[in-house]
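The values are calculated or read from the model by the stated rules, or taken from the named source; none is laboratory data. If you're wondering where the values come from, they're calculated on a predicted model, not measured in any experiment. Cβ coordinates were reconstructed from backbone atoms using ideal geometry, including for glycine residues, and neighbour counts include every protein chain displayed.
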Amino acid sequence: MVQGRGRRARRAGLVGVLWATAELTVTVGVVVLLLVVHQVWWTNRQAAAAAQEQVRSLEQSWGRPERAPGGEPLTSGPSPSVSVSASAGGSADPAAPAASSVPAPRPPERAAGARAGAYAVLRIPRLGLVVPVAQGIDKRAVLDKGYVGQYPGTAGPGEQGNFALAGHRNTHGEPFRYVNRLRAGDELIVDMRGRRYTYVVGRVLSETTERDTGVIAPVPRSVVKPEHGYSEPGSYITLTTCTPEYSSKYRLVVWGTLRP
């Protein structure tokens, strides 16, 4: 009898341990699931909503754009110069004076570590994308807010050189999630106060390393895959994002040229 009770007690103890382990496993699984939902779904909603509010705020601060007789915004003339700080946190001032017959002044540079502010709006009609553009590629100050960030030291919209941008492909608004769907001839539209610059997609580099700095050079050409890119000076736009999805191992690159 004593021996039987001892076996039953051991079995009960084992069952208790297994039950506690199962409860702990389920609890950990639920916590991990909630973290995934927060990262993949909730951060997207928050960042996307905040980014759209920033677009509305920018457009309101610009006021009603002047329009040509055909209905298009007046976009002719040289680009207003956009100064890019050497720090990743530099930003332009969206409240700069409106451009009319003279180029707009350069937005003030910001010190290293300063929070970036949006100064332009990127529109990609094929993707239905409308997203604010800020200077710098700092994750917390720019990219995680659902913005697209301009690489420090690259040319401003409409300028000679390379207007190079980065954006999240997944989470935090994921503005560049579907840039892999862009094809030659698609439009990339950049709006600033009183001005619109339309670029046309020319080339796509589906995969390169994160250290391939040639893709954002003034004349963009991959240093990893030199057969991809351009060889003549011009006014370019570059979109970069991580690939494959939910990974940051490689970079996907889309290039376009300014429409005359």
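So, in the stretch 145-173, of the ones that are surrounded by fewer than 22 Cβ atoms within 10 Å (Cβ to Cβ) and of a type in the set (S, T, Y), which residue ends up farthest from R196 (Cα to Cα)?
The qualifying residue farthest from R196 (Cα to Cα) is T171.
Scan the stretch 123-144 and give yes if some residue there is at pLDDT below 50, crowded, with 17+ Cβ neighbours inside 10 Å and outside any strand (DSSP E or B), otherwise no. Working first, answer last.
Narrowing the stretch 123-144 to residues at pLDDT below 50: none.
There is no residue in the stretch 123-144 that is at pLDDT below 50, crowded, with 17+ Cβ neighbours inside 10 Å and outside any strand (DSSP E or B).
List, please: which pairs have Cβ atoms under 7 Å, are six or more places apart or on different chains, and start with a residue in the stretch 220-232 that is free of Cβ contacts under 8 Å to residues at least 40 places away in the same chain and end with one that is part of a loop (DSSP other than H, G, I, E, B) and small (G, A, S)?
Listed by first residue and then by second, the contacts come to R221/S231; H228/S222; G229/S222.
Counting just the residues of the stretch 216-239 that are over 14 Å from F176 (Cβ atoms) and among the β-branched types (V, I, T), which one comes out surrounded by the most Cβ atoms within 10 Å (Cβ to Cβ)?
Taking the candidates together, the pick is I216.
Note down all Cβ pairs under 9 Å where the first residue falls in the stretch 199-216 and is touching a residue at least 60 places away in the same chain (Cβ under 8 Å), the second is among the hydroxyl-bearing types (S, T, Y) and assigned to a strand (DSSP E or B), and they're at least six residues apart or on different chains.
These pairs meet every condition: Y199/S235; Y199/Y236; Y199/T257; I216/T238; I216/T240.
Residue pairs, Cβ under 9 Å, 6 or more apart or interchain, first in the stretch 240-256 and surrounded by fewer than 16 Cβ atoms within 10 Å (Cβ to Cβ), second among the aliphatic types (A, V, I, L, M). List them.
Close Cβ pairs satisfying both conditions: P244/L252; Y246/V40.
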